[in-house]
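See below for the structure under consideration.
The values are calculated or read from the model by the stated rules, or taken from the named source; none is laboratory data. No experiment lies behind these values; they were computed from the predicted model shown. Here the Cβ is made from the backbone with ideal geometry for all residues, glycine too, and neighbour counts use every protein chain on show. The area values use the complete protein model at the heavy-atom level, side chains included, leaving out ligands, DNA and RNA. Shrake-Rupley method; radii C 1.70, N 1.55, O 1.52, S 1.80 Å.
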Amino acid sequence: MRRTLIWTLIALAAVSVFLLVLAPPSPAHVDIAGWDGLAARTVAGAYHVHTTRSDGHGDKAAVAAAAKRAGLAFVILTDHGDGTRPPDPPEYLDGVLVLDAVEVSTDDGHYVALDMPRAPYPLGGTAEAVVEDVRRLGGFGIAAHPDSPKAALRWTDTSAPIDGIEWINADSEWRDEGRRRLIRAGITYFFRPAGSLARLLDRPATLDRWDALLRARRVVALAAADAHGGVGKRVEDQTRTFFSTAGIPSYEASFRELSIRAVLERPLSGNAADDARAVYAAIRKGSVFSVIDALASPALLDVHAVPSGTTVTLMARATLPPGGQLVLIGPGGEIARAAGELKHEVPAETRDAYRVEAHLPGAPGEPPVPWLVSNALFGSSVAPTLEILDRDVGGPAPAIAPFPWRVEKDPASSAILRTFESSVELQYTLAAGERRSQFVAIASDLGGQGFHAIDFDLEPDTATRVFVQVRTADGRRWGRSSYLAPGVRNRVHAELAGMRGIGGLTDPAPPGSTVTSILLVVDLTNAVPGRSGRLRVLSSALVR
Ligand SMILES: [Zn+2]
Ligand SMILES: [Zn+2]
């Protein structure tokens, strides 16, 4: 009896020592004395959180409670959706500001739309189309988990004018780790959850991709918790793993691992609508930075530019734990580093982007993950505004209009084509019920005309997207979708060179001379079963 007790005690002591040796240290405490003003208007939050509305484990109340325990002021929910669910108005739950956003699946990866009203039709299709829709609807879009080891989830479009990018995604990070690191984190998780998760982080390659984007224009980078609260059939995760089956990581552990910090103009007021506007405004203008809180906390950052004649002095200071260094990164990479305040002069008319990281000794990862990542600060001039990707129509197009159109559709959907003197009108209803690749289209046959683009004037009865497609004799199709505003004449210029293969086809679009049909298609990419509407084709012409 006594011997059993002794052996049990020895075993317990051994396990404790084992865990102490293995477990990551608790976060370093950062002294913020003297930073009161900035501390009051720097608010920590979790961005990219799933609830039971999609594939998360907890509801809004559970998420808010976990955020409160982790000391966060706000959370941004990003349940999977197509944008047609009206977002919940901002609200305070448990003292935490809860903002409702949506993560849209595109053909080229997931795109998170913040601060966006309800979409008039389901968002989907190519990255280009969804990025365009989110912008038109007034939302702010962020390319999700560009580092995901899963090809189907990775953001692959490099040309779409995204507003933001996830420089790190905690849910993607552990997927590329070796078994030893994972097992160790799995054991120590029960002892120190957030620290164990942070030990799986590396410096993401996305930081380099982001720097490349910054050479052309402003793109806001955020750290994504991608919290699911453990168990659940994640959209991101079709294969079951130890982590997803064991309820790991919890929301609280995710929220204590990393956060974003919005630097507001004044402290939060307690009015949910006003505070939501303030947080979104800060994110939109890049007045937000990211911190790996499990390494050290809290973090405050003060970055600003002081103009003086022909130069601007960039100044950066942060609350740094012992051994920490601030690093200034410019167009050519690292420019300067310091253990305290950083100062750097740049020409007043610079259009280059500068940003700040803080590095800690002993940070996990190969290469080590930065503890703090700021957004980009530009010189006195504003970053060049976005170019619209569409090229302008060249000279006047030789018209062959109207084409003789006919209807193509799936057997269950209905469509009537009315022909007027100089236009046609398609009246359609996609078959109701389950999704069965319903579509309606009008098609026109061509024979060997050499053209490089098609021009249309289209007028729909409701806001919609229409798919302009071309087809060759062997049935292969290429296309590109365009947004159409309701009740007005929309000029659509569809370049063959801008069309993408449909149904997994990767070949570039063929020359016009081999196109046998052109089609205007309404399908389930941006419509739901049962949808009916009208589409007028006011003119159509091939551009040679
Ligand atoms: Zn995702
Ligand atoms: Zn997600």
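A few comments on the model shown:
- Under 5 Å, built H, 5+ apart or other chain: amide partners of A296: A28
- Bridge orientation summary for region 56-162: considering DSSP beta bridges with both residues in this region, about 65 percent are antiparallel.
- Against the chain, whose longest principal axis is taken from its Cα atoms, helix 2-22 shows a tilt of about 60°.
- With every protein chain in place, the chain: carbon and sulfur % of accessible area (1.4 Å): 56
- The order of S297, S159, S414, S290 by accessible area, most exposed first and with a 1.4 Å probe, is S159, S414, S297, S290.
- A DSSP coil position with no more than 16 other Cβ atoms inside 10 Å describes the following trypsin sites (Lys or Arg not before Pro) in region 323-367: R351.
- Residues whose placed amide H lies under 5 Å from that of V543, excluding near-sequence neighbours: H452, A453, I454, D455
- Using the empirical formula 2.2 N^0.38 Å as the baseline, the Cα radius of gyration of region 26-117 reaches a ratio of 1.26.
- Considering only alpha-carbon pairs that sit under 8 angstrom and 6 or more positions apart, the relative contact order computed for the chain is 12 percent.
- Net charge of Cβ neighbours under 10 Å - reference P460; Lys, Arg +1; Asp, Glu -1: +1
- Taken along its principal axes, the alpha carbon cloud of region 442-544 reaches lengths of 34, 28, 20 Å, longest axis first.
- For E341, the accessible area of its heavy atoms, probed at 1.4 Å with every protein chain present, is near 100 square angstrom.
- When W210, W405, W7 are compared by accessible area of protein heavy atoms, the largest-first order is W7, W405, W210, using a 1.4 Å probe.
- Calculated accessible area for the chain comes out at 43 Å² per residue, all protein chains present (probe 1.4 Å; ligands, DNA, RNA ignored).
- On the principal axes of its alpha-carbon atoms, region 1-79 has extents of 58, 42, 18 Å, going from largest to smallest.
- For region 484-496, Karplus couplings with θ = phi - 60° (6.51, -1.76, 1.60), whole Hz, Gly/Pro x: 10, 7, x, x, 9, 7, 9, 7, 10, 10, 10, 7, 4
- Beta bridges assigned by DSSP with both partners in the chain are antiparallel in approximately 85 percent of cases.
- In order along region 152-169, phi translates into HN-Hα couplings of 5, 9, 5, 7, 10, 6, 9, 10, 4, x, 5, 8, x, 8, 7, 6, 8, 10 Hz, rounded to whole numbers, per the Karplus curve 6.51 cos²θ - 1.76 cosθ + 1.60 with θ = phi - 60° and x for Gly and Pro.
- Per-residue ellipticity at 222 nm from helix content only, as computed over the chain with -39500 (n - 2.57) for each DSSP H run of at least four residues, stands at -5000 deg cm²/dmol.
- Helix 127-136 vs. the chain, principal-axis angle (Cα, 0 to 90°, nearest 10): 90
- Cα-based Rg of the chain normalised by 2.2 N^0.38 Å, two decimals: 1.11
- Here the alpha carbons of region 158-198 define both size measures, Rg and Dmax, at 14.4, 44 Å.
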